[in-house]
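Worksheet for the structure shown next.
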Ligand code: ADP
Ligand code: MG
């Protein structure tokens, strides 16, 4: 039987891999390191662009950069171990998006720092990552924030954490061309271990909420479906939410309560708004449940969130529904829901720690029978954000 849970290399061994690879790649030992974690959202999905609330954690999977001064001038030479690709970004081409999509995340950060008067010198960089790419665990924000911290170490100039977050968001929006919200970069930079962040997306402020994981574990299961529809549907949902808010005479759906919804004549817009309004309420109730260690309630809220995303917001897919359906009937599972934008990617399962392996095995086997391939399972623990992490490197 194949192991169901994907091994998780320690941060130290990831750093060592990056270091060894840099020596092979550029002949130099690293002068600088930077790292940033991925993230998973416990609850509060598709609320961020509605100025609502979300409750993400940073996770113990990381993107590590090892860097050394380059022998060449005027360029960045990058090797990604995950993609087994090597690319060059020349400063002369800084103003047009790099032909290779993944380089744009690094380029975007360099462009944003340059606007603040912080110039990147010529570097050789190796990227090592245990955050799966494109799985909804925010490998993109991990890459951006790791690059932001690297730039600051290299130049000896530092920005505030808030400015770093903003530079990373703008890098993703302007250079990578992804119209992202604010959640990913904020939690990847600012999280604390054993805490979730209650994120108020109206002004990007947050409150750490203790999340003691002694008795419960989080399992993230990748459906094996990549979200090809996600980008177009994301823009469509944003538009539907804006239209709903306009029809109700408010600037965002944050200002709406359930009792306002019957005033929306359009049924589709009413369902979209119903998800956003009810999801915001679920986030607030989840915070109270986390604080009490009330896993039954948190699990129920997660399942309700999934139902709302599936029925009202229409961003689930059969495979994600199957995973949630299989998870919730297992002994020791409190709840499960799709996490991330939807249309594929992952579900997150809240589970008794001692049942973790048995449940992963059981869901994995039944999913493979139903869908035709085995899903990848990741055990996830809350971790420090890049700000705390890089201060300790
Ligand atoms: P997610 O952030 O959920 O992982 P995205 O589609 O937002 O998914 O970002 C994934 C993209 O980020 C990858 O396709 C790649 O372009 C870039 N990326 C992230 N991590 C790495 C890495 N270690 N090496 C190269 N590119 C990466
Ligand atoms: Mg991303």
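The values are calculated or read from the model by the stated rules, or taken from the named source; none is laboratory data. These numbers come from a predicted model, not from an experiment. Neighbour counts are summed over all protein chains in view; Cβ atoms, including those assigned to glycine, are modelled from backbone coordinates with ideal geometry.
Things worth noting here:
- Cβ-Cβ distances below 8 Å connect no pair with a first residue in region 176-192 that is outside the structural domain of residue 147 (by TED's automatic domain parsing) and under 14 Å from residue 163 (Cα atoms), a second residue that is in a loop (DSSP other than H, G, I, E, B) and at pLDDT below 95, and a separation of six or more residues or different chains.
- Selection within region 110-139: residues that are out of contact with any strand residue (DSSP E or B) (no Cβ under 8 Å at 6 or more places or on another chain) and within 14 Å of ligand 2 (Cβ to nearest atom). The member of this set that is modelled with the lowest pLDDT is 134.
- Subset of region 169-193 that is under 12 Å from the mean Cα position of the chain (by Cα), within 11 Å of ligand 2 (Cβ to nearest atom) and assigned to a helix (DSSP H, G or I) - its residue that is surrounded by the fewest Cβ atoms within 10 Å (Cβ to Cβ): 183
- Residue 106, sole failed condition from (1) surrounded by fewer than 24 Cβ atoms within 10 Å (Cβ to Cβ); (2) under 18 Å from the mean Cα position of the chain (by Cα); (3) closer than 16 Å to residue 75 by Cβ: (1)
- So residue 73, is it touching a residue at least 24 places away in the same chain (Cβ under 8 Å) and buried (at least 19 other Cβ atoms within 10 Å of the Cβ): no
- In region 281-298, the residue that is nearest to residue 234 (Cα to Cα) out of those that are in contact with a strand residue (DSSP E or B) (Cβ under 7 Å, 6 or more places away or on another chain) and buried (at least 22 other Cβ atoms within 10 Å of the Cβ) is 283.
- Only one of 272, 310 that is farther than 18 Å from residue 48 by Cβ and in a helix (DSSP H, G or I): 310
- Looking across region 140-168, the residues that are surrounded by 24 or more Cβ atoms within 10 Å (Cβ to Cβ) and either near ligand 2 (Cβ under 10 Å from one of its atoms) or at positive phi (or both) come down to 140, 141, 142, 143, 144.
- The set of residues in region 328-343 being outside any strand (DSSP E or B), at negative phi and within 22 Å of the chain's Cα centre (by Cα) consists of 341 alone.
- Criterion (over 30 Å from residue 208 (Cβ atoms), crowded, with 21+ Cβ neighbours inside 10 Å and within 23 Å of the chain's Cα centre (by Cα)) met by exactly one of 78, 111: 78
- Filter pass, residue 159 being farther than 23 Å from residue 12 by Cβ, within 10 Å of ligand 1 (Cβ to nearest atom) and touching a residue at least 12 places away in the same chain (Cβ under 8 Å): no
- Condition met for residue 99 (more than 22 Å from the chain's Cα centre (by Cα), at pLDDT 95 or above and more than 29 Å from residue 156 (Cβ to Cβ)): yes
- The number of residues in region 194-227 that are away from ligand 1 (no atom under 14 Å from the Cβ), part of a loop (DSSP other than H, G, I, E, B) and touching a residue at least 24 places away in the same chain (Cβ under 8 Å) comes to 10.
- Within region 129-156, tally of residues that are in a helix (DSSP H, G or I), under 25 Å from residue 203 (Cβ atoms) and within 7 Å of ligand 1 (Cβ to nearest atom): 3
- For residue 179, the requirement of being under 14 Å from residue 54 (Cα atoms) and touching a helix residue (DSSP H, G or I) at 6+ places or on another chain (Cβ under 9 Å) is not met.
- Scanning region 44-70 for residues that are more than 20 Å from residue 377 (Cβ to Cβ) and either out of contact with any strand residue (DSSP E or B) (no Cβ under 6 Å at 6 or more places or on another chain) or part of a strand (DSSP E or B) (or both) yields a count of 15.
- Residue 350 falls short on exactly one of the conditions (1) in contact with a helix residue (DSSP H, G or I) (Cβ under 9 Å, 6 or more places away or on another chain); (2) farther than 19 Å from residue 42 by Cα, and that condition is (2).
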